[in-house]
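Structure record follows, encoded as structure tokens.
The values are calculated or read from the model by the stated rules, or taken from the named source; none is laboratory data. The structure presented is a predicted model; accordingly, all values stated were derived computationally and were not measured. Don't worry about glycine lacking a Cβ; one is built from the backbone with ideal geometry, like all the others, and counts go over all protein chains shown. The area values use the complete protein model at the heavy-atom level, side chains included, leaving out ligands, DNA and RNA. Shrake-Rupley method; radii C 1.70, N 1.55, O 1.52, S 1.80 Å.
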Amino acid sequence: MKIIDRHNFISVVCVSFTLIVCGKLIYEKLIGFTDRFYTENIFTCLLVCVLATFILSLHYYLQRFPFIPVVIGQYVLLMGVIFALIWIGSKYTDMAPSAYKDMFVSVTIPYVLGAAAYYISYFLEIKKANEFFSKL
């Protein structure tokens, strides 16, 4: 059962991007943080949303494997790509000394919340389908 497909991929990315950026802006306003790299960080949020949504959408193709290793593998793949992009970016521009830690926290929290929402909706759809077929 596909929850994220090519027909709703962009809308899922847009909703998650909007929620993450609004959360970022509210958090920064509450702590009084001024972001000098506002534009770069917004585009980074968009890139991470596209990447995370794509990785979650791969679940459909990984259903034959055990659930827990798939979830862990998806997270490890996402963080591996993020860390590789940081490493590549550090070859062309200066990075903060805490860039890896900052991205780890900035990606992990929204990804865990988004993955939880994805898998809860996935299992609710499975339960609904099972109830439908058990009535037949």
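In plain terms, the chain from Ile109 to Ser90 could stretch by 4.5 nm, reckoned as 0.36 nm per residue minus the Cα-Cα distance. Counting only protein heavy atoms and a 1.4 Å probe, the chain has 71 square angstrom of accessible area per residue. Peptides 53-59, 64-70 ranked from most to least packed, by the mean per-residue count of other Cβ atoms within 10 Å: 53-59, 64-70. Suppose R0 equals 35 Å. What FRET efficiency, 1/(1 + (r/R0)^6) with r the Cβ-Cβ distance, do Val76 and Ser134 give to the nearest 0.05? Approximately 0.45, to the nearest 0.05.
Membrane-span-like helices in the chain, defined purely by DSSP H runs whose alpha carbon atoms cover 30 Å or more axially and whose average Kyte-Doolittle hydropathy reaches -1.0, are 9-31, 67-90, 99-135.
When the chain is described by a simple charge dipole with +1 on each Lys and Arg Cβ and -1 on each Asp and Glu Cβ, the residue from Ala96, Leu19, Thr44 located farthest towards its positive end is Leu19. Inter-part distance, the range 66-136 to the range 22-48, computed on C-alpha centroids, equals 20 Å. Determine, for the chain, the count of lysine pairs separated by eight or more sequence positions (or lying on different chains) whose alpha-carbon distance falls under 30 Å. So the count works out to 9. The equivalent ellipsoid of the chain has semi-axes of 32, 17, 12 Å, largest first, where each one is the square root of 5 times an eigenvalue of the Cα gyration tensor. Split the accessible area of the chain by element, probe 1.4 Å, and carbon with sulfur accounts for 72%.
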